[in-house]
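So the structure is just underneath, and the comments pick up after that.
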Amino acid sequence: REHPHSAVVGEDQQRGERGEQRNPGGQQHGDGDIAQIVDRLLAEAFDPFMLICEEMAKPLSPPDDSIFLINCWLMGSKCLGQKDLTRHKEALLGQRIDGRCQQLTSQQLDFLRQESGLGELISALDLPATQRDSMITASSLESSSQKLDNFLPSAHMDAMERLGKLQDTSLARKITET
């Protein structure tokens, strides 16, 4: 029994042997038409997927929310590749990644300050002298010093571990070491 589309399949095979491609409907597409088709395809398939990723990240707490989004956007950017027709969409993803990386850098700094015991001391430096003097005491300095001594041996590893779910390890390193 013959396949219902055997005539089309046969034509496609003949075209393939001649190095031609099938053009349904016989329409010719200019570069502008193709750009519109690609934009429409991205708007109907790619953009909703990215929006779903953003919705999925909302209930996550920092830094997991940013890590999840960066991973999604990195994969999206990789899927788009370096094609002229998708370069603008890839650039937008790059901007979003940069913004989230800045947030992660700030979160890493907060983490290091808190875990090292220096957070309260650094915050106290911005206070008026009377408040600062009441917060920075021999006891608070001793406590911070002990916490810092305990934290320093594993500080870098602990900070990197916080970003362990980030698929781009060089990006995690850059964020942590900034």
Provide, in order from the shortest bin, the percent of all Cα-Cα pairs of segment 92-178 in each 10 Å bin, continuing until the bin that contains the maximum pair distance.
-> 16, 37, 26, 16, 4, 0
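Pulled fully out, how much extra length does the chain show between residue 156 and residue 84, if you take 0.36 nm times their separation in residues and subtract their Cα-Cα distance? Kindly include the intermediate steps, with their values, before the conclusion.
Values: separation 72, 0.36 × 72 = 25.92 nm, distance 3.97 nm.
Fully extending the segment from residue 156 to residue 84 adds 22.0 nm.
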Per principal axis, largest first, the Cα atoms of segment 82-135 extend in Å by 61, 22, 8
Quick one: accessible surface of residue 130, probe radius 1.4 Å, all protein chains present, in square angstrom to the nearest 10.
-> 110 Å²
Place +1 on the Cβ of every Lys and Arg and -1 on the Cβ of every Asp and Glu in segment 28-178, take the dipole about the Cα centre, and give the residue among 118, 56, 70 whose Cα lies farthest towards its positive end.
-> 70
Pairs of Cα atoms under 8 Å, at least six residues apart: use those to get the relative contact order of segment 33-178, whole percent.
-> 23 percent
On the formula 1/(1 + (r/R0)^6), with r taken between the Cβ atoms of residue 148 and residue 173 and R0 of 25 Å, the FRET efficiency rounded to 0.05 is 0.65
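The values are calculated or read from the model by the stated rules, or taken from the named source; none is laboratory data. The structure displayed is predicted, hence computed values, not measured ones. Because the Cβ atoms are built from the backbone with ideal geometry, glycine has one as well, and the counts that use them run over all protein chains shown. Accessible surface areas use protein heavy atoms only, side chains included; no ligands, DNA or RNA. Shrake-Rupley method; radii C 1.70, N 1.55, O 1.52, S 1.80 Å.
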